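The values are calculated or read from the model by the stated rules, or taken from the named source; none is laboratory data. Quick caveat, the model's predicted, so the values are computed rather than measured. When we count neighbours, we look across all protein chains shown, and the Cβ atoms used for this are built from the backbone with ideal geometry, even at glycine.
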Amino acid sequence: MGGISRNADVRVRRVYDPPEPADGARVLVDRLWPRGLSKADALLTEWCKDVAPSTELRRWYRHEGERYERFAERYREELTGEAVQPALARLRELAADGPLTLLTATKEVGQSHVQVLLEVLREGS
C-alpha cells in the first residue's frame with residue numbers, strides 16, 4: 001500500500017490546543033484518553049488508538065530523549081503488524097479526503113510516536 005502524498009495536508013498538534021477550522025479530520029492517535037479533556041471539547045473525528053505504541057513500549061520509553069531513536073525503531077516495527085494495517089489504511093484514507101490532524105496529548109510532540117507515525121504514513125510502510 002502506498003504512502004500519503006507529500007503534498008497531503010497532514011499536521012500534528014496537541015489535543016489540548018483549541019481546534020481550528022483548517023484541522024480537517026481530527027484524529028487522536030494516543031492509546032490513553034488525555035487527562036482533563038472531555039470528549040465533547042476534543043471535537044474528534046475519530047480516536048484511532050490501534051496505531052498508538054503498545055503499553056509496554058510506551059512505558060519503556062517514558063519520553064526520555066536518549067531513548068528516542070530506539071523507541072522510533074521499535075515503534076516502526078509495531079506499525080508493520082497485521083493488526084495495525086486497517087488503522088493505517090483508515091488514516092491514509094482520511095488524508096486523501098482532505099486535511100488531517102493527528103492529535104496527541106504528549107508535551108514533546110517532536111520526540112513522540114506521532115512524528116514516527118507521520119513518517120510511516122508518508123512512506124507507505
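A single entry from Tyr68, Tyr75 fulfils the requirement of being of a type outside the set (S, T, N, Q), assigned to a helix (DSSP H, G or I) and in contact with a His (Cβ under 7 Å, 6 or more places away or on another chain): Tyr75. Within the option set Tyr61, Tyr75, being surrounded by 14 or more Cβ atoms within 10 Å (Cβ to Cβ), of a type outside the set (A, V, I, L, M, F, W, C) and under 15 Å from the mean Cα position of the chain (by Cα) holds for one residue only, Tyr75. Among residues of the stretch 21-46 that are on the phi > 0 side of the Ramachandran plot, those with a beta-carbon under 7 Å from a residue that is of a type in the set (D, E, K, R) at least six positions away or on a different chain give the pairs Gly24/Asp9; Leu43/Arg26. Restricting attention to the stretch 47-60 and to residues that are in contact with a helix residue (DSSP H, G or I) (Cβ under 7 Å, 6 or more places away or on another chain) and free of Cβ contacts under 8 Å to residues at least 60 places away in the same chain, the residue that is farthest from Ala87 (Cα to Cα) turns out to be Leu57.
Kindly check whether there is at least one residue in the stretch 27-40 that is at pLDDT below 90 and in a helix (DSSP H, G or I). There is at least one residue in the stretch 27-40 that is at pLDDT below 90 and in a helix (DSSP H, G or I).
In a residue-by-residue description of the stretch 88-103, the property of being part of a loop (DSSP other than H, G, I, E, B) and either within 12 Å of Ala52 (Cα to Cα) or not aliphatic (A, V, I, L, M) (or both) applies to at least one position. Checked against (1) surrounded by fewer than 12 Cβ atoms within 10 Å (Cβ to Cβ); (2) in contact with a Lys or Arg (Cβ under 7 Å, 6 or more places away or on another chain); (3) in contact (Cβ under 8 Å) with a residue 40 or more places away in the chain; (4) polar (S, T, N, Q), Thr80 meets all criteria but (2).
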